[in-house]
Amino acid sequence: MEIEKFSRKKYSQNVIQGLFTQALFLSMREENAKENEKISDAINNAISYIDQYYNTDIDLDELAKSSGYCTDRFRNLFKIATGEAPKKYILKKRLNYAKVLILEGHNDMNEISNMLGFKHYTRFSLFFKEETGLSPKEYKDQYSKN
């Protein structure tokens, strides 16, 4: 830019403005990349936490706060990263583990429901049927004999 400034050639001012704009956009691109990396780390940490503690009562507001975002922004970023809203992601983790526990047959359905953080068996059963098309008992009957 300095060379262009002192050259006094036609359109030097335009060239300087163009170079300045280019430098500005390159700087913004670098900042954006750093921000995306920060977002990725925060969401990956949240996913790891959920993967480890999905059978406990997870407070999404607290999880969002610990990730450095408000709850709405956290939900949006989480969905972008995983393709699912946080609550749906947690529910799927619980129901997938429920399938394993049901087929192991060591616990009754109420125990499984409680182990996975559901306060009421009816809610567990409703979500399970919504996900699999079968009630927990029907799932056990159909797949434990195969």
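The values are calculated or read from the model by the stated rules, or taken from the named source; none is laboratory data. On a predicted model such as this, the values are computed, not experimentally measured, just so you know. Virtual Cβ from ideal backbone geometry, glycine too; neighbours counted across all protein chains shown.
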Within region 105-122, is even one residue out of contact with any helix residue (DSSP H, G or I) (no Cβ under 8 Å at 6 or more places or on another chain) and hydrophobic (A, V, I, L, M, F, W, C)? no
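Among the listed residues LYS140, LYS119, identify the single one that is assigned to a loop (DSSP other than H, G, I, E, B) and over 30 Å from SER40 (Cα atoms). Even if it seems obvious, please write down each step before you answer.
Numbers: LYS140 fails: assigned to a loop (DSSP other than H, G, I, E, B).
Sole residue among the options that is assigned to a loop (DSSP other than H, G, I, E, B) and over 30 Å from SER40 (Cα atoms): LYS119.
Based on this model, can you work out whether ILE102 counts as closer than 28 Å to TYR143 by Cα, β-branched (Val, Ile, Thr) and touching a Phe, Trp or Tyr at 6+ places or on another chain (Cβ under 7 Å)?
Details: closer than 28 Å to TYR143 by Cα: yes; β-branched (Val, Ile, Thr): yes; touching a Phe, Trp or Tyr at 6+ places or on another chain (Cβ under 7 Å): yes.
Judged against the criteria, ILE102 is a match.
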As an exercise: evaluate HIS106 against (1) surrounded by fewer than 11 Cβ atoms within 10 Å (Cβ to Cβ); (2) in contact (Cβ under 8 Å) with a residue 12 or more places away in the chain and give the number of the one condition it does not meet. (2)
Only one of ASP57, ASP51, ASP72 is surrounded by fewer than 19 Cβ atoms within 10 Å (Cβ to Cβ), out of contact with any helix residue (DSSP H, G or I) (no Cβ under 8 Å at 6 or more places or on another chain), more than 18 Å from GLU131 (Cα to Cα) and in contact (Cβ under 8 Å) with a residue 12 or more places away in the chain. Can you tell me which? ASP57
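SER113 - would you say it is surrounded by 15 or more Cβ atoms within 10 Å (Cβ to Cβ), hydroxyl-bearing (Ser, Thr, Tyr) and more than 28 Å from PRO136 (Cα to Cα)? Steps first, please.
Details: surrounded by 15 or more Cβ atoms within 10 Å (Cβ to Cβ): yes; hydroxyl-bearing (Ser, Thr, Tyr): yes; more than 28 Å from PRO136 (Cα to Cα): no.
No; evaluated as a whole, the condition is false for this residue.
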Helices (runs of 4 or more DSSP H) wholly inside region 29-105 that include at least 2 residues being at pLDDT below 90: 71-82
